[in-house]
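Below you'll find the structure, written out as structure tokens, and then a few comments.
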Amino acid sequence: MLSRIASSLRQSVQRLTRGGGPAVFAGTDEAGNKYFYEPAEDSESRPNAAERRWVEYRDQQDPTKLPVEWSSWLSRSRRHAPTPDEMAALAQHRAIVKQRAKLWEEEEERRRFREKSLQHDIQRHEGAEDLDAEGAARMAHRLSQAMLHRVRSATPCPPPPTASNPPSGAPHPPPPTTPN
């Protein structure tokens, strides 16, 4: 409670000591921090004055917790403050990236498990000369599936379609015919 009072008092003092013109509200972030700017005034005393930008923290005054877009605006890396639509689109994009990363991690975990299982099977059957035909066939099948999976996962994407290589699902051109 005391820290909130001190924070509010500190922000009020900062507002009063900034001087100049009126503060213009630029926006808020998800944490409730409020962003303001004071338009630049070109005067004889300050010919190349830049607008002043600042944040009023809601709870904790930790600049490392500010969203990147607002931090960029405060440091003048970007000219205009982020809009609510932009922030919503970025939040949606970040959610999609997190979802894809989770799916990739799950697939990687399954791949590691299959590889470890395959290595275990190979070690178990390495010394067995009496491996029957069915066991050998199973082992060969698992090895070929593992190799096929490695080849597929190493190929980033199919080659672009060309006349000689149409996209999958497209009919292939008929083979050239030779007269008899």
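Pairs meeting the criteria (first residue in the range 23-36 and basic (K, R), second residue assigned to a strand (DSSP E or B), beta carbons under 9 Å, at least 6 apart or on different chains) are K34/F25; K34/A26; K34/G27; K34/T28; K34/V55; K34/E56.
Got a number for residues in the range 133-158 being within 29 Å of the chain's Cα centre (by Cα) and modelled with pLDDT of 70 or more?
In the first step, residues of the range 133-158 are kept if they are within 29 Å of the chain's Cα centre (by Cα); the result is 149-158.
If we keep only those that are modelled with pLDDT of 70 or more as well, we get 149.
Going through the range 133-158 one residue at a time, the tally reaches 1.
Residues in the range 92-117 that are touching a residue at least 12 places away in the same chain (Cβ under 8 Å) and open to solvent by less than 80 Å² (accessible area, probe 1.4 Å): R111, E115. Is one or more of the residues making up the range 66-87 of a type in the set (S, T, Y), at pLDDT below 90 and open to solvent by less than 100 Å² (accessible area, probe 1.4 Å)? Looking through the range 66-87, none of the residues is of a type in the set (S, T, Y), at pLDDT below 90 and open to solvent by less than 100 Å² (accessible area, probe 1.4 Å).
The values are calculated or read from the model by the stated rules, or taken from the named source; none is laboratory data. As the structure is a computational prediction, the values presented were derived from the model and not from experiment. Positions of Cβ are generated from backbone atoms using ideal geometry, with glycine treated the same way; all protein chains shown enter the neighbour counts. These area figures cover heavy atoms from the full protein model, side chains too; ligands, DNA and RNA do not enter into them. Shrake-Rupley method; radii C 1.70, N 1.55, O 1.52, S 1.80 Å.
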